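Nothing in this text is a laboratory measurement; each read-out follows from the coordinates by a stated rule. This structure is a prediction, so every number in the text was calculated from the model and none was measured. Neighbour counts run over all protein chains shown; Cβ positions are idealised from the backbone, glycine included.
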Amino acid sequence: MFDTILSGDYPKSKVLNTVLLAIFFGLALGPFLFDGAVAFSTITNICIFIVLVASYDILLGYTHIVSLAHTMFYGIGAYAVAIAMNSMGPSWGSMFVGVIGGVLVAAVIALLVGLLSLRVKALFFALVTLAVAVGFGILISKFYAITGGEQGLGFRPPRELGPGFKLFEERWYGFNALGWLWNLVTDPGNLGENTKQAVFDVRMSGRIVLYYVIFLTTVGLFLLMLRMMNSPFGRVLKAVRENEFRAEALGYRTVMFRTINVVIAGAIAALAGAMAAMSDPWVTPDSYLSLGVMVNILLMCVIGGMGTLYGAMVGATIFILAETYLKDFMEVAYDLTAGFFNALPEWLSWLSFIHELISPDRWYFWMGLLFVLSVYFFPAGVVGQFRAKELESQIADSEEGASRTEPA
Amino acid sequence: MDSNHPVLETEGLTIQFGGHVAVDHVSCQFHSGTLTSIVGPNGAGKTTYFNLISGQLPPSEGSIRLFGRDITDLPAPARTHLGMGRAFQLTNLFPALSVAENVRLAVASKAGIGYSLLGRADRRVDIYEKAVHYLEQVGLARRQQWPAAALPHGDQRKLEVAILMALEPDIFMFDEPTAGMSVDEVPVILDLIQSIKQDKNKTVLLVEHKMDVVRSLSDRIIVLHNGELVADGEPAEVIASPVVQEAYLGMAPGGQENETTPA
């Protein structure tokens, strides 16, 4: 059963299994584990970016296609939903029209980009996609009558997915497990009070419905991608990545494989964009089409580990958590250490630069450092590194077995 | 197929790189059940001739016919599906993929399942078993989990041969299959080529430097020199001919393990 769901492609490491299960259950029970609006939008974003980064990994990791137009497909999905909902009203029908329209438009554009430019070398393909993406961004800004230009385009989601809708009248309860554990460690004497505090109310509104629609779509799309990458097709993609010339000689039309791959990745990125638009119904060029988003996708893909798909889960989670909470974390650390640094004697006062380094204003510096370190210690990405270790031990085993049976 | 009709035919096949004519109007026919060796000094155009036939290079002039059909404009993958199989001189593998996967890709190509998007590759036990079958033939089955890049050179050459066998082509094109192999590894490969030759429906083209190998395997030898076809015929006859003595053997230094000494 598990074998079929995961297409026989296991994470292949105990540490990874634990991390991935933690991410999965964290997201599955998210609204009942983490209290507050920030936490809610964080878990939603993690879901969306898992899909987006995984669809990018199909290109970059499995086939070594460097595309800089992935945000364009993401944006197409988002704008299609926004435009459809805006012009046809906040109904489920217009939402589906938007989603399907966005996927189709993305697929067609991906097909054109693929057919026109996948014959050229990797670097040129990257430049062509960059040009197309920038061009698309300009179009979106200029056609403000339809797209809202730089201002962006807002819309109302279907009532059942909005905050006004009540799935159940009565409130449900969540349990802030992390806060409870924290208090258990820092203040173990107060167990009863802490437990009471950790319980919070969950309003079963349309936001919860929307979250679970997004979560289940994420699970479905992720498993679909896992299956496709473990299909005969996926194996050919790896072959094209490793040695395109030889793949041709084996009888595989590599341009076709790469083009199909670009179309699939584009269509799934559009779905991610549609989910993102539904979760935050205000679509702007800045949040969907900017180069900054593209760089973030690239970073998540590389940090998690290219060519594994599970890397997208790890990368998206680490990145978004860091992006959201690093600043808060530093603020706490800054305040906690303020007393120590203020009490330093005159001749040591130059040490206060250390205090300034952990000032919350410097959070981007630490984020950068985090990435440099992660690439240094995990050159194959987090998932890639754990897998490589596992593979090494497997080979060592198989050789031992071979030498036992074959004394020569 | 009528054995009088050639399986493969090149007519006036020519390729020019700038001013240099690497293959110069080579017209030649190949029949099934025959092993033809292509010999000639380094730079004679043997590998380039192979590249033209299997579609890695487009010719400047001339045509190629396979089973009577003009394939001059067909890309390499299409030629493979028509039954042409090619092994490469410089080892040309999927380095990061496992040994088994290297061969499995060839079996899967032959089976035509490459575009299957939703099936599971690892559930196709038939494909995998066939791959292992060919790995066993070259003696690599016990290293099937290794990444291809981790194999010693001789084993990489064997893997190259296993990939070609797994394509189950009608025309086998071997480009120096034993180059760089240690002496005790060579017989395995030669026996395999010998066994392919037994099948009357198969055609084998072999580029080889070692004259004892050429002599023992060939039904026919053609000689290329400066891109031109200079001799064609029975092995004994060709090796004895003055043009070969001068053009090929005269130029071949002792570097080929002294095996180039004519009988």
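With a 10 Å radius around each residue's Cβ, average the other Cβ atoms per peptide and rank A:254-262, A:373-381, B:212-220, A:305-313, highest first.
A:305-313, A:254-262, B:212-220, A:373-381
Count charges around residue B:160 for me, please; just the other residues with Cβ under 12 Å from its Cβ, Lys/Arg as +1, Asp/Glu as -1.
Result for the local shell: +1.
Give the order of A:347, A:363 when sorted by the count of other beta carbons within 10 angstrom, beginning with the fewest.
Ascending number of Cβ neighbours within 10 Å: A:347, A:363.
About the Cα centre of the protein assembly as shown, what is the dipole size in debye to 20, counting +1 per Lys and Arg Cβ and -1 per Asp and Glu Cβ, all else neutral?
With Lys and Arg at +1 and Asp and Glu at -1, about 1720 debye.
Taking the Cα centre as origin and putting +1 on Lys and Arg beta-carbons and -1 on Asp and Glu beta-carbons, what dipole magnitude results for chain B, to the nearest 20 debye?
That gives chain B a dipole magnitude of about 980 debye.
Just the ratio, please: alpha-carbon radius of gyration of the protein assembly as shown over 2.2 N^0.38 Å, N its number of residues.
After normalising by residue count via 2.2 N^0.38 Å, the value is 1.21.
Taking Cα pairs under 8 Å and at least six residues apart, what relative contact order does the range B:92-168 come out at, in percent?
It rounds to 49 percent for the range B:92-168.
Averaged over peptide B:97-106, how many Cβ atoms belonging to another chain are found within 10 Å of each residue's Cβ?
That works out to 4 on average.
If you take the Cα atoms of chain B, find Rg, then find the Kirkwood Rh from the mean of 1/r over all pairs, what is Rg/Rh?
So for chain B, dividing Rg by the Kirkwood Rh gives 0.97.
Using the Cα centre of the protein assembly as shown as origin and beta-carbon charges of +1 (Lys, Arg) and -1 (Asp, Glu), tell me which of A:107, B:88, A:16 is placed farthest towards the positive end of the dipole.
A:107
Summing +1 for each Lys or Arg and -1 for each Asp or Glu, what net charge is found among the other residues whose Cβ lies under 9 Å from the Cβ of residue A:63?
Combined, the nearby Lys, Arg, Asp and Glu give +3.
With a Förster radius of 30 Å, plug the Cβ-Cβ distance of residue A:329 and residue A:212 into 1/(1 + (r/R0)^6) and report the FRET value to the nearest 0.05.
0.55
Roughly how crowded by other chains is peptide B:117-126, in terms of the mean Cβ count from those chains within 10 Å of each of its Cβ atoms?
6
Please identify every one of the GluC sites (Glu not before Pro) in the range A:124-189 that sits in a loop by DSSP and has no more than 12 other beta carbons within 10 Å of its own beta carbon.
A:169, A:170
Quote the relative contact order of chain A in percent (integer), defining contacts as alpha-carbon pairs under 8 Å separated by 6+ residues.
28 percent.
Taking chain B as a Gaussian network, Cα atoms linked when under 10 Å apart, which of B:118, B:13, B:159 shows the biggest mean-square fluctuation?
It is B:118.
By how many nm would the segment from residue A:66 to residue A:353 lengthen if fully extended, with 0.36 nm per residue of separation less the alpha-carbon distance?
99.3 nm
In percent, how large is the relative contact order of chain B, given Cα pairs closer than 8 Å and 6 or more residues apart?
26
In a shell of Cβ-Cβ distance under 9 Å around residue B:53, excluding residue B:53 itself, what net charge do Lys and Arg (+1) and Asp and Glu (-1) give?
Neighbourhood net charge equals +2.
Order the peptides B:92-102, B:193-203 from the highest to the lowest mean number of other Cβ atoms within 10 Å of their residues.
Descending packing order for the listed peptides: B:92-102, B:193-203.
Placing unit charges on C-beta atoms (Lys and Arg positive, Asp and Glu negative, everything else neutral), compute the dipole magnitude of the range B:92-168 about its Cα centre in debye, rounded to 20.
Taking the Cα centre of the range B:92-168 as origin, the dipole is about 80 debye.
Test of the criteria: in the range A:111-203, which trypsin sites (Lys or Arg not before Pro) are in a DSSP loop and have at most 13 other Cβ atoms within 10 angstrom of their Cβ?
A:119, A:121, A:171
Given the options A:92, A:39, A:339, identify the residue whose Cα lies farthest towards the positive end of the charge dipole of chain A (+1 on Cβ of Lys, Arg; -1 on Cβ of Asp, Glu).
A:92
Under 1.5 on a/c is rounded, so check that first for the range B:35-136, then, if it is not, pick prolate when a/b is larger than b/c and oblate when it is not; a ≥ b ≥ c are the square roots of the alpha carbon gyration tensor eigenvalues.
The shape class here is prolate.
Over all Cα pairs of the range B:92-168, how is the pair count split among 5 Å bins, expressed in % and running from 0 up to the last occupied bin?
3, 18, 31, 24, 15, 7, 2, 0
Mind checking A:225-238 for the average number of partner chain beta-carbons within 10 Å of each residue's beta-carbon?
Going residue by residue through A:225-238 and averaging, the value is 6.
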